[in-house]
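K.L.:
Could you have a look at this structure, given as structure tokens, before my questions?
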Amino acid sequence: MNTDEPSPAGFADEERVLSIQTKLHRWAADAPTRRFDDLFNLICDPAVLAVAWHRVSTNRGARSAGVDGATVRSIEQGRGAAALLDDLRADLRARRFEPMPVRERMIPKPGTMKRRRLGIPTVRDRVVQSALKLVLEPIFEADFKPCSYGFRPGRRAQDAIAEIHLFCTSRYEWIVEGDIAACFDEIDHVALMGRIRRRIGDKGVLLLVKAFLKAGILSEDATERHTVMGTPQGGILSPLLANITLSALDEHFAAAWQAVGVFNWQRQKRHGKGLATYRLVRYADDFVILVFGTQAQAEGLRHETAAVLSSIGLRLSEEKTRIVHIDEGFDFLGFRIRRDTRRGTEKRFIYTYASKKALASIKARVRAISKQGRNQPLSKLLRQLNLVLRGWTNYYRHGVSKATFGYLRHFTWLRVVRWLRRKHPRANWTFLRRRYSPGGWPSDGGVELFNPQAVAIVRYRYRGASIPTPWSGDKEGHLLRPSA
């Protein structure tokens, strides 16, 4: 066993990769039409492969195996990570590396009876994909528009919600809720490779990306299928490839926004003529179009969006894409966004709060955890609940969530009390309170149940186009790492 083997990625490797990425990003930003011709050697660089291995081995999916059955742990206990990286580098430099088919796994979609497909690459392929992402991401990040927030370093869902809040407050009242049908499964390879070639001229890199796109899928019934379209959802490189494809949509709406003018008086003049202005906010394959205009103009944008998506092999879902008014409200990224009258006044404001679906999801998780066996100590149950509650409340603490957090506090407390009653069926409430709630709140072994109601509600500041990248060259850049 090589359990004592040091991690292949050290501080020097991280610094070298960050330096490479910073230069690539600066060159791409300074020359929007530049094509990069010598990138394959960077993918084969030992530091890049070492950092790629570190990202793969510390990812939540490290325990998942591809079609070869190998996991990160089995590799570390076998020949070791260093030997794997040496073999990978030799295969890449000799141009004999070939990705294996991804292992198909169907998982249920939350709240529906449908299932979606995940493609799990082998660990070897994941390392190469991660190395590709380390090199390609800084280049394409220089081209991506500020309206895109999903799977991009330094950006988060709250930034998208803050932008929607800003524009809806400024009389953007009609909303086109966009839903792309099977986005990851239907991406056109020709259109995607064409967009990549606009920036990448290195044939070795292009062939490597194409090889991953054409690697195939080994389905759950052990049938291998060729991939003629799409990129497997679950691969490390897939989110970046999806963003490159969907940047066509971003560019279309960014050009329309720039054509109106950068000053408010220019947009007001357009509004005075009865013409609409609109803004796209996209998070991966979920997006909304905010319209300052009429419902008919919003309907026209729906058809315009469908035409743009068709050029990259995608289509809008007719049943899920809809047009709503801000007073009706809509759900986006787990938030319910709606304009309503403030209690006790006649003034109307934009409110963002956890959607019913999001609240039902956290209740289901709390319910599932609290149904576990009664033989475990309470402290273990509290640790599991605390982990879930902290993450959920931290995500929604920037919305109007005080009442929701209070309700979740009461719901979780009841679930813990019912678990204790099942654990001690003959004990009365006085005994349970004295043993497990000495301070009036469940605790055991120094572990106290997390109190959602104690989470402070903080307004999230809209950052707009000023969101920093990991490659800005300042010291804070070391703290911002590319998304896994």
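K.L.:
Got a number for residues in segment 428-463 being loosely packed, with under 13 Cβ neighbours inside 10 Å and more than 35 Å from the chain's Cα centre (by Cα)?
P.N.:
9
K.L.:
State whether the residues of segment 28-38 include one that is under 30 Å from Arg195 (Cα atoms), at pLDDT 95 or above, touching a Gly at 6+ places or on another chain (Cβ under 8 Å) and not in a helix (DSSP H, G or I).
P.N.:
Within segment 28-38, one or more residues are under 30 Å from Arg195 (Cα atoms), at pLDDT 95 or above, touching a Gly at 6+ places or on another chain (Cβ under 8 Å) and not in a helix (DSSP H, G or I).
K.L.:
Among the residues of segment 162-179, count how many are among the aliphatic types (A, V, I, L, M) and open to solvent by less than 10 Å² (accessible area, probe 1.4 Å).
P.N.:
So the first thing to find is which residues in segment 162-179 are among the aliphatic types (A, V, I, L, M), and the list is 162, 164, 166, 175-176.
Next, only the ones that are open to solvent by less than 10 Å² (accessible area, probe 1.4 Å) stay: 164, 175-176.
Residues flagged as among the aliphatic types (A, V, I, L, M) and open to solvent by less than 10 Å² (accessible area, probe 1.4 Å) within segment 162-179 amount to 3.
Every residue, every condition in (1) crowded, with 17+ Cβ neighbours inside 10 Å; (2) within 22 Å of Thr305 (Cα to Cα); (3) in contact (Cβ under 8 Å) with a residue 12 or more places away in the chain; (4) in contact with a helix residue (DSSP H, G or I) (Cβ under 7 Å, 6 or more places away or on another chain), yes or no:
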| site | (1), (2), (3), (4) |
| --- | --- |
| Ala255 | no, yes, no, no |
| Ala259 | no, yes, no, no |
| Gly272 | no, no, no, no |
| Arg282 | yes, yes, yes, yes |
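K.L.:
Among the numbered criteria (1) under 17 Å from Cys147 (Cβ atoms); (2) free of Cβ contacts under 8 Å to residues at least 12 places away in the same chain, which single criterion is violated by Val176?
P.N.:
(2)
K.L.:
Restricting attention to helices (runs of 4 or more DSSP H) lying wholly within segment 95-196, give those where 1 or more residues are under 17 Å from the mean Cα position of the chain (by Cα) and within 18 Å of Ala254 (Cα to Cα).
P.N.:
Numbers: elements: 123-141, 157-169, 183-186.
Output list reads 123-141, 157-169.
K.L.:
Could you list, in sequence order, all residues of segment 184-205 that are among the charged types (D, E, K, R) and farther than 20 Å from Gly119 by Cβ? Before the answer, list the steps.
P.N.:
If we filter segment 184-205 for residues that are among the charged types (D, E, K, R), which is where we start, we get 185-186, 188, 195, 197-199, 202-203.
Scanning segment 184-205 gives Arg195, Arg197, Arg198, Arg199, Asp202, Lys203.
K.L.:
Okay, next question. Please go through segment 348-368 and pick out each residue that is aliphatic (A, V, I, L, M) and without any contact (Cβ under 8 Å) to a residue 40 or more places away in the chain.
P.N.:
Residues of segment 348-368 that are aliphatic (A, V, I, L, M), as a first pass: 350, 354, 358-360, 362, 364, 366, 368.
Result: Ala358, Ala364, Ala368.
K.L.:
Filter segment 92-121 down to the residues that are within 21 Å of Leu218 (Cβ to Cβ) and out of contact with any strand residue (DSSP E or B) (no Cβ under 8 Å at 6 or more places or on another chain), then identify the one that is most open to solvent (accessible area, probe 1.4 Å).
P.N.:
At the first step, the residues of segment 92-121 found to be within 21 Å of Leu218 (Cβ to Cβ) are 97-108, 115-121.
Retained after the next criterion (residues that are out of contact with any strand residue (DSSP E or B) (no Cβ under 8 Å at 6 or more places or on another chain)): 97-100.
On the way: Phe97: 23, Glu98: 146, Pro99: 24, Met100: 81 Å².
Ranking the candidates gives Glu98 first.
K.L.:
Continuing with the same structure: Please state which one of Arg79, Arg16 is in a helix (DSSP H, G or I), of a type in the set (D, E, K, R) and either closer than 26 Å to Gly119 by Cβ or open to solvent by 40 Å² or more (accessible area, probe 1.4 Å) (or both).
P.N.:
Details: Arg79 fails: in a helix (DSSP H, G or I).
It is Arg16.
K.L.:
Kindly provide the set of residues from segment 49-79 that are under 16 Å from Leu237 (Cα atoms) and of a type in the set (D, E, K, R), ordered by number.
P.N.:
Passing the criteria: Arg55, Arg60.
K.L.:
Considering each of Gln295, Gln268 in turn, give the residue that is touching a residue at least 24 places away in the same chain (Cβ under 8 Å), polar (S, T, N, Q) and open to solvent by 60 Å² or more (accessible area, probe 1.4 Å). Don't jump to the end; show me each part of the working.
P.N.:
Details: Gln268 fails: touching a residue at least 24 places away in the same chain (Cβ under 8 Å).
Within the list Gln295, Gln268, the selection yields Gln295.
K.L.:
From Asp37, Asp68, Asp30, which residue is in contact (Cβ under 8 Å) with a residue 40 or more places away in the chain, closer than 21 Å to Glu141 by Cβ and open to solvent by 20 Å² or more (accessible area, probe 1.4 Å)? Walk me through it before giving the result.
P.N.:
Values: Asp68 fails: closer than 21 Å to Glu141 by Cβ; Asp30 fails: in contact (Cβ under 8 Å) with a residue 40 or more places away in the chain.
Sole residue among the options that is in contact (Cβ under 8 Å) with a residue 40 or more places away in the chain, closer than 21 Å to Glu141 by Cβ and open to solvent by 20 Å² or more (accessible area, probe 1.4 Å): Asp37.
The values are calculated or read from the model by the stated rules, or taken from the named source; none is laboratory data. A quick note: this is a predicted structure, and the numbers were derived from the prediction, not measured. Backbone-built Cβ (ideal geometry, glycine too); neighbour counts: all protein chains shown. Quick note on the areas: whole protein, heavy atoms, side chains included, nothing else; ligands and nucleic acids left out. Shrake-Rupley method; radii C 1.70, N 1.55, O 1.52, S 1.80 Å.
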